[in-house]
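See below for the structure under consideration.
The values are calculated or read from the model by the stated rules, or taken from the named source; none is laboratory data. Just so we're clear, the structure is a prediction, and the values are computed from it rather than from any experiment. Note: ideal-geometry Cβ built from the backbone for every residue, glycine included; neighbour counts use all protein chains shown.
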Amino acid sequence: MKDLLLDIRGLKKHFPAPGAFLSRGVGVIRAVDGVSLQVQRGETLGLVGESGCGKSTLARMILRLETPTAGQIRFDNEDILAWKGSALKAFRRKVQMIFQDPYSSLNPRQTAGGIIEEPLHIHHHPGGREEIKKKLREIASVVGLNEEQLTRYPHEFSGGQRQRIGIARALILKPRLVIADEPVSALDVSIRAQILNLLKRLQREFDLTYLFITHDLGVVRHMSDRIAVMYLGKIVELGGAEPICGAPVHPYTKALLSAVPSMDPLRKSERTVLSGEMPSPAAPPQGCAFHPRCPVRIGICEQRAPLLERDGAGHWVACHLSR
């Protein structure tokens, strides 16, 4: 792939299962279990899946907040897992995160202006106080906050305004990659479209690359160039946003899409209701991890895990039925 910014290969994160240490057991929780993804400069890769599938753990490893059990993460063709000290700090200027909850992620004792400019102080921005204030006013204006609002505290803002503060904080360092972890799921429906459109505009203005994490395929279709569908720590389908949403192949992707409400009153579609819950990553089922809930499973699904293989131009699927 040309102009590759982020390259993840065979990434795994296994945690000790509760009680395994005391009982000298060998049980592990396979939060991320062999994920490979590539993100090009300027694109939005949507990462979608149910809660507990490993999306946020993957994001934390990219940010170097968690150490992988195995695998590689290369940023701009450099191995970030080898970085320490000043090199790691410099990397974190280039990769920032927008959090799910726009209230709990903000310090209630700081003003909006203090929250937004804090990354400049943490990373020892060389400019003086006046230059920092200038940057603060500029980024606030870009996200739709006026100068008077910068003196207020988080509890004085609505949810959408608080998320704008979080976005401004993430962008003030002019990062190259922004990881947006469920950035609109905690907002009212009436506000979500405003924040999503703001993120798309900022991507164009700042030449940003997004890893957009969500459980909502309707949102990710609006935002993404490509979509990766994750289930129980693995990628089960990967491809362009339109092919994934218009002609999904994996039964799990089809079930997620069937739950997205249609805006067309004439469109009739049957909803696929999945039985049971996602298995525990501490005890994944044998064979295909999705087979206990799959409405079209066949015998081989219970015996052998499918590989993620190419099923057309840029479309990858891990399903025995796609062969």
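Annotations
- Some residue of segment 30-39 being without any contact (Cβ under 8 Å) to a residue 60 or more places away in the chain and touching a strand residue (DSSP E or B) at 6+ places or on another chain (Cβ under 8 Å): yes
- Residues satisfying the stated conditions in segment 44-72, i.e. assigned to a helix (DSSP H, G or I) and of a type in the set (A, V, I, L, M, F, W, C): Leu58, Ala59, Met61, Ile62
- Taken over segment 166-191, the criterion of being outside any loop (DSSP other than H, G, I, E, B), in contact (Cβ under 8 Å) with a residue 24 or more places away in the chain and surrounded by fewer than 19 Cβ atoms within 10 Å (Cβ to Cβ) is satisfied by Ile191 alone.
- Given (1) buried (at least 17 other Cβ atoms within 10 Å of the Cβ); (2) modelled with pLDDT of 95 or more, number of the condition Val220 does not satisfy: (2)
- The set of residues from segment 65-86 being buried (at least 17 other Cβ atoms within 10 Å of the Cβ) and in contact with a Phe, Trp or Tyr (Cβ under 7 Å, 6 or more places away or on another chain) comprises Phe75, Ile80.
- Residue count for segment 4-27 satisfying the condition of being modelled with pLDDT under 90 and not hydroxyl-bearing (Ser, Thr, Tyr): 11.
- Sole residue being farther than 13 Å from Val249 by Cα, without any contact (Cβ under 8 Å) to a residue 60 or more places away in the chain and not hydroxyl-bearing (Ser, Thr, Tyr), chosen from Pro292, Pro284: Pro292
- Options Gln163, Gln194: the member that is over 12 Å from the mean Cα position of the chain (by Cα) and buried (at least 21 other Cβ atoms within 10 Å of the Cβ): Gln163
- Flag if Val249 is at pLDDT 90 or above, crowded, with 18+ Cβ neighbours inside 10 Å and not in a loop (DSSP other than H, G, I, E, B): no
- Qualifying residue in segment 311-319 (condition: under 18 Å from Asp33 (Cβ atoms), at pLDDT 95 or above, within 25 Å of the chain's Cα centre (by Cα) and part of a loop (DSSP other than H, G, I, E, B)): yes
- Residue check, Glu237 of a type in the set (Asp, Glu) and either at pLDDT 90 or above or touching a Leu at 6+ places or on another chain (Cβ under 7 Å) (or both): yes
- Where a residue in segment 3-15 is under 16 Å from Asp33 (Cα atoms) and its partner, wherever it lies, is buried (at least 18 other Cβ atoms within 10 Å of the Cβ) and among the charged types (D, E, K, R), with Cβ under 6 Å and at least six apart: Lys12/Asp33; His14/Arg30
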